[in-house]
Every structure is written in C-alpha cells, then in structure tokens.
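Report on one structure; see the data block that follows.
The values are calculated or read from the model by the stated rules, or taken from the named source; none is laboratory data. This is a predicted model, so every value here is computed, not measured. Because the Cβ atoms are built from the backbone with ideal geometry, glycine has one as well, and the counts that use them run over all protein chains shown.
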Amino acid sequence: MTVIAGLVHKGRVHLGGDSAGVSGYQLTIRQDRKVFRNGPYVMGFTNSFRMGQLLQHAFQAPHPTGSLDRFMVTTFVDALRTCLKEGGYARKDSEQEYAGTFLVGIHGRLFIVDSDYQVGEPADGYAAVGCGDELALGALHATAHIDMRPRQRLTAALAAAGHHSAGVAGPYVYASTPKGHQ
C-alpha cells in the first residue's frame, strides 16, 4: 500500500511518495524512503520494501545509450531483472516473471515499470502508482494548468491520496533527477 506520484517539469523528473508500510490493518511509518536517486535516475516504488532496497542499493542502473525507448525496454529491464533475481525478489508463475511496480525518471522523461516488466510512458507528463494512484492522478490532472511548482503539485497529489486512502500516510518525501541531466 502506498502512493508514488511523479511529473515532468522543465526537463526534470520529480517524484514524491508517502511513508506508509502497511500489512493488513497494521500501519508502520517507515524511515526508509520510497523515492530516491540512483545515479542519474530518480525512482519511486510500491509493492515491496525489499524491491525498493534492491533498486536503491543493489541495482547498478546502466547509463542510457541510443534510443531511450529501446534502451528502457531492453538494456534497463534486462539489468533490472538480473538484479531482482539475484536479490531473491523476482518470482515466476507459469514461466512468467513478475516483480513490482515503480516509477523511474531519466533525461526529462517519466516511465512506469509494471510488475510484468513492461515499460510505459504517460503522454500527460505525470503518473502515479500504488493504492492511492487514482486519487493522486486526479490531483495531478486538476493542477496541470495551474502555475504551481512541482513539489506543490506532488504534495497536493499525495495529500489527496493520504486523505482518502487508508494505505497512504505521511510524511511525504521527494526526489528529482539531477539538474543538467536531460
């Protein structure tokens, strides 16, 4: 249970996430962050803190080369699959591999990596994942044409999800791609 929201603004990708760790009816506010930088990437995860730990501390994210679309669905995903397998997180069911869902930003573009390793890029320039995703998406849509800074928009999206979803709780944390990495 969580919400991770992201948006593209002036060539940078900005993410925000909550701090809830939820198991059944138990809620723990986690110190470890769900959004972070990994080299030139910014990432925010849902599903499992183990997957997030691997993404943050074990994943040697390759540097993009050539077409970014092609790179993300091949080289990036291949390295991701290897990391998650070696870290004991990836699972197989009927010969189909599964992992978790997360947002990743690089070179001013925002991608969603789904649990089946498909890579998508939202045409709207914003996305959200987790149990509060629809609430956050509504807030991101409503603020798309209002003059707000990225963190203000993300805070509005996270607050909407936190207000209406039992699986989302602050404090909210933020991370952005480095300046000059477009």
Residue identified as within 29 Å of Gly24 (Cβ to Cβ), in contact (Cβ under 8 Å) with a residue 60 or more places away in the chain and among the β-branched types (Val, Ile, Thr) among Val173, Val113: Val173
In contact with a Phe, Trp or Tyr (Cβ under 6 Å, 6 or more places away or on another chain), outside any strand (DSSP E or B), of a type in the set (D, E, K, R) and more than 16 Å from Val8 (Cα to Cα): does that describe Arg70? no
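Each row is one residue, and each column tells you yes or no for (1) crowded, with 16+ Cβ neighbours inside 10 Å; (2) over 21 Å from Arg37 (Cβ atoms); (3) among the β-branched types (Val, Ile, Thr).
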site: Ala61; (1), (2), (3): yes, no, no
site: Pro64; (1), (2), (3): yes, no, no
site: Leu68; (1), (2), (3): yes, no, no
site: Met72; (1), (2), (3): yes, no, no
site: Asp78; (1), (2), (3): no, yes, no
site: Ser94; (1), (2), (3): no, yes, no
site: His107; (1), (2), (3): no, no, no
Can you name the residue in segment 119-129 that is in a loop (DSSP other than H, G, I, E, B) and free of Cβ contacts under 8 Å to residues at least 24 places away in the same chain and is also surrounded by the most Cβ atoms within 10 Å (Cβ to Cβ) among such residues? Pro122
Matching residues, segment 149-164, being of a type in the set (Gly, Ala, Ser), touching a residue at least 60 places away in the same chain (Cβ under 8 Å) and closer than 24 Å to Lys10 by Cα: Ala157
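Step by step: first the residues of segment 167-182, then only those that are out of contact with any Ser or Thr (no Cβ under 8 Å at 6 or more places or on another chain) and among the hydroxyl-bearing types (Ser, Thr, Tyr), then the one that is surrounded by the fewest Cβ atoms within 10 Å (Cβ to Cβ). Which residue is that? Give the derivation first.
The initial filter retains those residues of segment 167-182 that are out of contact with any Ser or Thr (no Cβ under 8 Å at 6 or more places or on another chain), namely 174-182.
Then drop every residue that is not among the hydroxyl-bearing types (Ser, Thr, Tyr), which leaves 174, 176-177.
Numbers: Tyr174: 18, Ser176: 20, Thr177: 25.
Among those that are out of contact with any Ser or Thr (no Cβ under 8 Å at 6 or more places or on another chain) and among the hydroxyl-bearing types (Ser, Thr, Tyr), it is Tyr174.
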Of the listed residues (Gly100, Gly132), the one being touching a helix residue (DSSP H, G or I) at 6+ places or on another chain (Cβ under 8 Å), within 18 Å of Arg33 (Cβ to Cβ) and at pLDDT below 95 is Gly100
For segment 145-166, enumerate the residues that are surrounded by fewer than 18 Cβ atoms within 10 Å (Cβ to Cβ) and in contact with a Leu (Cβ under 9 Å, 6 or more places away or on another chain). His163, His164, Ala166
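Would you mind stating whether Ala136 is on the phi < 0 side of the Ramachandran plot and either assigned to a helix (DSSP H, G or I) or touching a residue at least 60 places away in the same chain (Cβ under 8 Å) (or both)?
Details: on the phi < 0 side of the Ramachandran plot: yes; either assigned to a helix (DSSP H, G or I) or touching a residue at least 60 places away in the same chain (Cβ under 8 Å) (or both): yes.
So Ala136 fits the description; yes.
Here's a check for you: in segment 7-55, which residue that is assigned to a loop (DSSP other than H, G, I, E, B) and charged (D, E, K, R) is surrounded by the most Cβ atoms within 10 Å (Cβ to Cβ)? Break it down into steps so the answer makes sense when it comes.
To start, the set of residues in segment 7-55 that are assigned to a loop (DSSP other than H, G, I, E, B) comprises 10-11, 18-19, 24-25, 30-34, 39-40, 46-48.
Next, from what is left, pick out any that are charged (D, E, K, R): 10, 18, 30, 32-34.
Numbers: Lys10: 9, Asp18: 33, Arg30: 17, Asp32: 12, Arg33: 15, Lys34: 28.
Here the residue is Asp18.
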